[in-house]
Amino acid sequence: HAEVAMYRAKESGRNGCQFYTADMNEQAQQRLELENDLRRAIERNELEMYYQPKVLLADGRIVGAEALIRWKHPSGKFVPPSDFIPMAEENGLIIPIGEWLIQDVCAQIRRWCDEGLAVPCVAINLSARQFQSQNLPDMLALAISEAGIEAQAVELELTESFLMNDMEANIEMMVLLKRMGFALAIDDFGTGYSSLSYLKRFPVDILKIDNNFVRDVAADHDSAELVRGVIGMAHGLKLEVVAEGVETPEQLAFLREYRCDMIQGYYFSRPLPAADFAALLREGKRLS
Ligand code: C2E
Ligand code: MG
Ligand code: MG
Ligand code: MG
């Protein structure tokens, strides 16, 4: 990176050089600080799981939730996961963070059950590094047994892009996790480059269409065709389809028309703190 910056700096003259160098130092410094803060975030209780409902279009009921991590930085600001998950993935912090969050979600499911709620399946996002750690099955088994819940209560979301690297090992891991009883979903579908023949080999139950395609479905012909095609293909493979990022009645109407199974998005609900999600379950909120 340094070379590229120097090169660009040379092109733009001496002042440019100073500008880029200062800018880079500051960025590197900020990143280092953020990394150190993240290292302490677990002990300081700054991480919290939010829950976003997934709704079945057939009857409008909440049939699932996705657990999404939130980090309240000591500065008081919320750092979005896109700003620290990739960093945690790079420096390995995703392993302790991932372990913490899996235990936290399992314990939350237990508490909701104890409160007498009919708790839907809760999906947890796994990053590449977590998924490729040999310890994952044991760690998951311990987390559910300590919480006293069944594997069926948990779904694991794996992104299309990392599944494509080292396919054989990934398929083996997926088979093992399925055998343990976890439901598996492919996340962000459409952003990677899976072909049909690969998809057929993945032992997954659910396919989640990425926000990016859902966003333009009512306005853009290509997105509409793509989503229609993915739904048809998924159903052909006996997979259920979730559309992510549904925000408008037009998107909803399109997804209903093409028989998408479930939706998730601000239209029905934003991701919520655990207590607010429980309140939705208690009041039996439905999509009308
Ligand atoms: P994702 O797994 O695809 O999660 C869906 C993202 O879409 C979430 O962003 C969610 O808040 C957002 N979203 C939901 N409905 C709408 C909508 O109607 N409109 C729009 N514009 N966005 C919507 P979030 O929470 O910022 O997370 C971003 C990504 O960070 C996630 O994408 C996931 O890849 C990663 N991530 C989040 N939590 C975790 C976690 O606990 N572990 C890991 N490994 N990754 C996580
Ligand atoms: Mg996800
Ligand atoms: Mg997604
Ligand atoms: Mg996404």
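The values are calculated or read from the model by the stated rules, or taken from the named source; none is laboratory data. Remember, it's a predicted structure, so these values are computed and weren't measured experimentally. In this analysis, Cβ positions are derived from the backbone assuming ideal geometry, glycine residues included, and neighbour counts consider all displayed protein chains. SASA here: full protein model, heavy atoms, side chains in, ligands and nucleic acids out. Shrake-Rupley method; radii C 1.70, N 1.55, O 1.52, S 1.80 Å.
Here are some notes:
- Taking the criterion of being more than 16 Å from ligand 2 (Cβ to nearest atom) and surrounded by 18 or more Cβ atoms within 10 Å (Cβ to Cβ), the only residue of the stretch 64-77 that qualifies is 71.
- Only one entry in 185, 224 is more than 16 Å from ligand 1 (Cβ to nearest atom) and hydrophobic (A, V, I, L, M, F, W, C), namely 224.
- Residue match in the stretch 36-53 (condition: in contact with a helix residue (DSSP H, G or I) (Cβ under 7 Å, 6 or more places away or on another chain), open to solvent by less than 70 Å² (accessible area, probe 1.4 Å) and over 29 Å from residue 269 (Cβ atoms)): no
- Checking each residue in the stretch 241-273 for being crowded, with 19+ Cβ neighbours inside 10 Å, of a type in the set (A, V, I, L, M) and not in a loop (DSSP other than H, G, I, E, B) picks out 241, 242, 243, 252, 255, 262, 263.
Let's see how each residue does on (1) within 16 Å of ligand 4 (Cβ to nearest atom); (2) more than 25 Å from residue 42 (Cα to Cα); (3) of a type outside the set (D, E, K, R):
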{"residue": "104", "(1), (2), (3)": "no, no, no"}
{"residue": "107", "(1), (2), (3)": "no, no, yes"}
{"residue": "122", "(1), (2), (3)": "no, no, yes"}
{"residue": "137", "(1), (2), (3)": "no, no, yes"}
{"residue": "146", "(1), (2), (3)": "no, no, no"}
{"residue": "184", "(1), (2), (3)": "no, yes, yes"}
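- The sole residue among 274, 185, 279, 243 that is at pLDDT 95 or above and touching a Cys at 6+ places or on another chain (Cβ under 6 Å) is 243.
- Any hit, the stretch 96-103, residues being closer than 17 Å to residue 33 by Cβ and either among the β-branched types (Val, Ile, Thr) or open to solvent by less than 50 Å² (accessible area, probe 1.4 Å) (or both): no
- The number of residues in the stretch 78-95 being in contact with a strand residue (DSSP E or B) (Cβ under 8 Å, 6 or more places away or on another chain) and open to solvent by 30 Å² or more (accessible area, probe 1.4 Å) comes to 3.
- Single residue of the stretch 205-239 satisfying the filter (more than 16 Å from ligand 4 (Cβ to nearest atom) and within 21 Å of residue 178 (Cα to Cα)) that is surrounded by the fewest Cβ atoms within 10 Å (Cβ to Cβ): 238
- Search result, residues across the stretch 78-88 that are β-branched (Val, Ile, Thr) and within 16 Å of ligand 2 (Cβ to nearest atom): 85
- Hits in the stretch 143-161 - residues which are open to solvent by 10 Å² or more (accessible area, probe 1.4 Å), touching a helix residue (DSSP H, G or I) at 6+ places or on another chain (Cβ under 8 Å) and away from ligand 3 (no atom under 16 Å from the Cβ): 144, 146, 147, 148, 149, 150, 153
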